[in-house]
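The values are calculated or read from the model by the stated rules, or taken from the named source; none is laboratory data. What you see is a predicted model; the values in this text were computed from it and never measured. Note that we place each Cβ from the backbone using ideal geometry, even for glycine, and neighbour counts take in every protein chain shown. Surface areas here come from the heavy atoms of the whole protein model, side chains and all, with no ligands, DNA or RNA. Shrake-Rupley method; radii C 1.70, N 1.55, O 1.52, S 1.80 Å.
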Amino acid sequence: LSKDKRLYTFHDASLTRTTSGANTNRCTDVDWATVEKLNVGGWGRWKGSKFDPTRPARFSEVLALAREGRTIYVEVKMNDPSWVPYVKAEVEKAKNVNPGNVLFITFGDKVCAELKRQLPEYRAYYLMGACRKWGEYANTWTAEEIIAKLRAIGADGVDIYFAPEVHDAAFVKKIHDAGFSFHVWTIDDLEKAKKAFAVGADTLTTNCAKRILESFEREQAK
């Protein structure tokens, strides 16, 4: 949410990284007139590509891409429920958006609960890591703890960092049996993707969908 209350899409908390330092402010501290002049297509391997220049997209522009047969995952980055009315207004204004082609994910428990209160017909998945502290697999969240959290905030499912050491079929079954869906992030190789689906994951997030699909097709063709 920009300083003048316009919703736009951005991954980071600040504008620094993907503007190559052209603007170092936090995303929430600048108005849209400033944001729309920024080039986020000229950094890293995209420099000089067909995406250079590209400005950040408004949330409404992303929602305009909604159609049947695809699902847009909207991640609400901040755990600030005051953002939800702005999200709701854009969703209700968008022509082709419906609960079948747009859903929400968030690490924010307060935002998740507010999304379900104001947009109850839309799915909202609670994002979380596998462990209480990153990488400490001796201190992972139990299925029972996850279920209790999902019930408390009214989420439709969990979207968790996939840890094969912990998330076996019995773990996923507990989540499903409690009435929630089980989604995983972020998997960029075929073998780990296969493990996730083998234990019952409903969907997975990846940076490399095309590569994973092509690897799977080559494997199936053998």
On the basis of being touching a strand residue (DSSP E or B) at 6+ places or on another chain (Cβ under 7 Å), over 25 Å from LYS110 (Cβ atoms) and either of a type in the set (Ser, Thr, Tyr) or at pLDDT 95 or above (or both), does GLY200 make the cut? yes
Filter the range 183-205 for residues that are part of a loop (DSSP other than H, G, I, E, B) and polar (S, T, N, Q); the one that is nearest to ALA155 (Cα to Cα) is THR205
Lone unmet requirement of (1) polar (S, T, N, Q); (2) open to solvent by 50 Å² or more (accessible area, probe 1.4 Å); (3) assigned to a loop (DSSP other than H, G, I, E, B) for GLN220: (3)
For the range 35-49, name all the residues that are surrounded by fewer than 16 Cβ atoms within 10 Å (Cβ to Cβ) and within 19 Å of VAL62 (Cα to Cα). GLU36, LYS37
Within the range 32-62, which residues are farther than 23 Å from CYS112 by Cα and not in a loop (DSSP other than H, G, I, E, B)? TRP32, ALA33, THR34, VAL35, GLY44, ARG45, TRP46
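Please go through the range 195-212 and give me each residue that is charged (D, E, K, R) and surrounded by 13 or more Cβ atoms within 10 Å (Cβ to Cβ), ordered by number. Write out each step before concluding.
At the first step, the residues of the range 195-212 found to be charged (D, E, K, R) are 195, 202, 210-211.
Hits for the range 195-212 are LYS195, ASP202, ARG211.
State whether the residues of the range 63-78 include one that is assigned to a helix (DSSP H, G or I) and within 17 Å of LEU103 (Cα to Cα).
Yes, the range 63-78 contains a residue that is assigned to a helix (DSSP H, G or I) and within 17 Å of LEU103 (Cα to Cα).
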Among (1) under 16 Å from the mean Cα position of the chain (by Cα); (2) open to solvent by less than 80 Å² (accessible area, probe 1.4 Å); (3) in contact (Cβ under 8 Å) with a residue 24 or more places away in the chain, TRP32 falls short only on (1)
Name the single residue, out of those in the range 56-90 being farther than 26 Å from THR16 by Cβ and basic (Lys, Arg), that is surrounded by the most Cβ atoms within 10 Å (Cβ to Cβ). LYS88
